[in-house]
Amino acid sequence: MDNGAMFLRYTQRKKDGKLHRYWSIVENRRGEGRRVVQRPVLYLGEINDSQKAAWCRSIEVFESGTGQWRQVALFPEDRRAPELTHEVIHIRLDQLQLKRPRQWGACWLACELWQQLRLDDFWRERLRPSREGTDWLDILKTLASYRLIDPGSEWRLHREWYHRSAMGDLLGRSGDAIELQSLYRCLDKLLEHKQGLFSFLTERWQDLFQAGYEVLLYDLTSTYFECDPPGRGKRRYGYSRDKRSDCVQVVIVLVITPEGFPLAYEVMAGNTSDKTTLKMFLAKIEKQYGKANRIWVMDRGIPTEEVLREMREASTPVSYLVGTPRGRLTKLEKDFLKLPWAKVKDSVAVKLLPQEGELYILARSQGRREKERAMRRHRLKQLWERLHELQRQKLTRDELLLKLGAARAEAGNAYRLVEVRVPKADQPVSAATFTLSLRKEKLRAAMRAEGHYLLRSNLSDEDPAILWQRYIQLTEIEAAFRTLKSDLAIRPIYHQKDPRIEAHIFVAFLAYCLYVTLQQRLRALAPGLTSRAVIEKMCAIQMIDVHLPTTDGRLLILSRYTQPEPDHQLLLQRLHLTLPAQPPPRISQPDEEHANRALSL
């Protein structure tokens, strides 16, 4: 018996005085000590074996030819059937075939998350089917699920992924294909509903998780395009967080809660300066959600002094907590030296400096100090080794300058800790003209600054421990950007028109909403598991078509998802999820099935 071989097996059970046979498809697997164990893959249920009419079991099947549902009784071809009021079908068990395996579990999970957010309620009236019968809501579900499970281009979805997934089965359109143009046309229908979706989702997360919106995290990222610059539109060169300054990009501005729930986002031109975005977003959030005493948490470089002053002087309080550049710490260093450290956590201490209606918080974190010190040592060691390697090479001055430029880019801030003297234009490269030395004063200053960061806020009466904790929550928005770029593969973007670009990002945002909903469930019910780990685990549950020829030349088809493994069952139990019933069988002529498959391909 080969590992992985599948075959048909039945088990017998006596019930109500009669013998029942229950059929399954099992798989051989090699266990410990090369022992072969059998694992049930598909459960087919009971196929009648009795000649007593009172004991016969019937099932409801869908007949493709008539489009009707009817009751039939199934018997193996070697068993005689009694007189029954409904049709009897004899099946050839020895000719059973397994066809069209496709991924089902993660698709079902995506649809389940969609239902938990009640997104059908929002989209049903906004995406009505076309006159030609195109169901735009089903296409949007497919786009969002694809982005969540196995993201790629719309072309790949149309050409490969949809046929390898069970989305058609779950949406009740098994055998149908999705036209590529329908995917693009669906994208064109989405953006006008963006603001309405933001408001709808905030209410749903409040209902599901009692989410609060008093503290908002604000940040920006960029995503690039692998194409020629267009000369107009939002694709522009700018500061690239992806280290792809050679590519045009767009900037994405995102506002989320500390739990990771996105409140709003906006797509801006790729050359947008961080400092120009906040004022617009303050007005946007106030217009959509009303005036409230919110606390905005941001990193340094985003707010300007003018915007911070407007936030302080607004009629309705607009509170902020923002990181501050190290240059300001240098200016305030003498004032901070006079102040005592106050411990707010086991490894965190702070100093508080009130100044002109604001509170400056100097925080010192032992964990952050160790991390920054390790990073600085690693980069400085690599740079020092590289520079000594260049000293041993025979280079011209121009070659040396090029290699030094590359070493500087690689070393980052560590390069300023080394003093490099290079030959003058008329000098050769030698040990005398190309020298290295450590800048000891700068190194000592860098060591003193490690693990320290300066915050400023207009919440002068707030507990400094709470302020520090809120600032640390900015890691949530960094995690959101990582999810969008890695798990949901928002980059690179191949669309050319601005509306399609924004619609692509909108679908990624929808997928992120499903992702963060699952993440919040896991935090409460299965801590330690990530959304991506659960999605990948659920991908192992497949759907397979079981083809059973009948003695009268027809074909009985049972579409069945594979039996969950014990770890799947435990996961579903922890998340309070229940798998649906298996799809009902259908019966058709073999040539009908071949025609349907040809049309779908």
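The values are calculated or read from the model by the stated rules, or taken from the named source; none is laboratory data. From a predicted model like this one, the values you see are computed outputs, not experimental measurements. Positions of Cβ are backbone-derived with ideal geometry, glycine not excepted, and every protein chain shown enters the neighbour counts. Each accessible area value is taken on the protein alone, full model and side chains, heavy atoms only, with ligands, DNA and RNA left out. Shrake-Rupley method; radii C 1.70, N 1.55, O 1.52, S 1.80 Å.
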Hey, rough spin-label estimate for ARG439 and ALA409, points 7 angstrom out along Cα→Cβ, what's it come to in nanometres? 2.1 nm
Name the long-range amide H neighbours of TYR237: under 5 Å, sequence gap of 5 or more, or other chain; modelled H, no Pro or chain starts. GLN249
For peptides 142-155, 478-491, sequence by mean Cβ density within 10 Å, most packed first: 142-155, 478-491
With +1 assigned to the C-beta of every Lys and Arg and -1 to the C-beta of every Asp and Glu, and no other charges, what is the dipole magnitude of the stretch 472-601 about the Cα centre in debye, to the nearest 20? 360 debye
For the chain, size of Cβ-based charge dipole, Lys and Arg +1, Asp and Glu -1, in debye: 2480 debye
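Give me the percent of the accessible area of the chain that comes from carbon and sulfur atoms, probe 1.4 Å, all protein chains in place. Please report the intermediate quantities before stating the final value.
Details: 14810 of 30850 Å².
The value for the chain is 48 percent carbon and sulfur by accessible area.
Under the rule a/c < 1.5 gives rounded, and otherwise a/b versus b/c splits prolate from oblate, where does the stretch 460-537 land using the Cα gyration tensor? Before the final figure, lay out the partial values.
Numbers: a/c = 3.00, a/b = 1.44, b/c = 2.08.
Verdict is oblate for the stretch 460-537.
Two decimals, Cα atoms only, Kirkwood Rh: what is Rg/Rh over the stretch 176-309? Working shown, then result.
Details: Rg = 17.2 Å, Rh = 16.9 Å.
Radius of gyration over Kirkwood radius for the stretch 176-309 works out to 1.02.
LEU98 to ASP461: extension gain in nm, 0.36 nm per residue of separation minus the Cα-Cα distance? Walk me through the intermediate numbers first.
Working: separation 363, 0.36 × 363 = 130.68 nm, distance 6.88 nm.
Between LEU98 and ASP461, full extension yields an extra 123.8 nm.
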Of the DSSP beta bridges with both residues in the stretch 203-345, give the percent that are antiparallel, rounding to the nearest 5. 65 percent
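Could you do me a favour and compute the accessible area per residue for the chain, 1.4 Å probe, result in Å²?
Numbers: 30850 Å² over 601 residues.
In whole numbers, the chain has 51 Å² accessible per residue.
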Here are some pairs, LYS234/LYS279; LYS331/LYS442; LYS279/LYS345; LYS351/LYS371; LYS279/LYS338; LYS331/LYS485; which of them have Cα atoms lying more than 26 Å apart in this structure? LYS279/LYS345; LYS279/LYS338; LYS331/LYS485
Overall Cα dimensions of the stretch 399-558 - principal axes, largest extent first, Å: 96, 56, 36
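Mean residue ellipticity at 222 nm from the helices of the chain, using -39,500 (n - 2.57) per DSSP H segment of n ≥ 4 over the full residue count, to the nearest 500 deg cm²/dmol? Let's see the in-between values first.
Working: 18 runs with 218 residues, N = 601.
For the chain, the value works out to -11500 deg cm²/dmol.
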Between the stretch 495-537 and the stretch 353-369, how many Å separate their Cα centres? 35 Å
The farthest towards the positive end of the charge dipole of the stretch 431-483, of the residues PHE481, ALA431, TYR453, given +1 on Cβ of Lys and Arg and -1 on Cβ of Asp and Glu, is ALA431
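May I ask you to order 87-97, 513-523 by the average number of other C-beta atoms within 10 Å around their residues, highest value first?
On the way: 87-97: 15.1, 513-523: 21.5.
So the peptides 87-97, 513-523, ranked by packing, come out 513-523, 87-97.
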Whole-Å distance linking the alpha carbon centroid of the stretch 471-492 with that of the stretch 318-338 is 27 Å
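Among DSSP beta bridges lying fully in the stretch 271-373, give the percent that are antiparallel, nearest 5. Each step should come with its number before you reach the end.
Working: 11 of 15 bridges.
Of all bridge pairs located within the stretch 271-373, approximately 75 percent are antiparallel.
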Over all distinct alpha-carbon pairs, what is the Kirkwood Rh of the chain in angstrom? 29.4 Å
Per the rule of 0.36 nm per residue minus the C-alpha distance, extending LEU525 to ALA425 adds in nm 29.3 nm
What ranking do 382-391, 450-459, 292-301 get when scored by the average of other Cβ atoms within 10 Å per residue, highest first? 450-459, 292-301, 382-391
Where in the stretch 433-462 is the amide nitrogen less than 17 Å from a point lying 7 Å along the Cα-to-Cβ axis of SER273? none
Please state the charge dipole magnitude for the stretch 151-257, taken about the Cα centre, from unit charges on C-beta atoms (+1 on K and R, -1 on D and E), reported in debye and rounded to the nearest 20. 360 debye
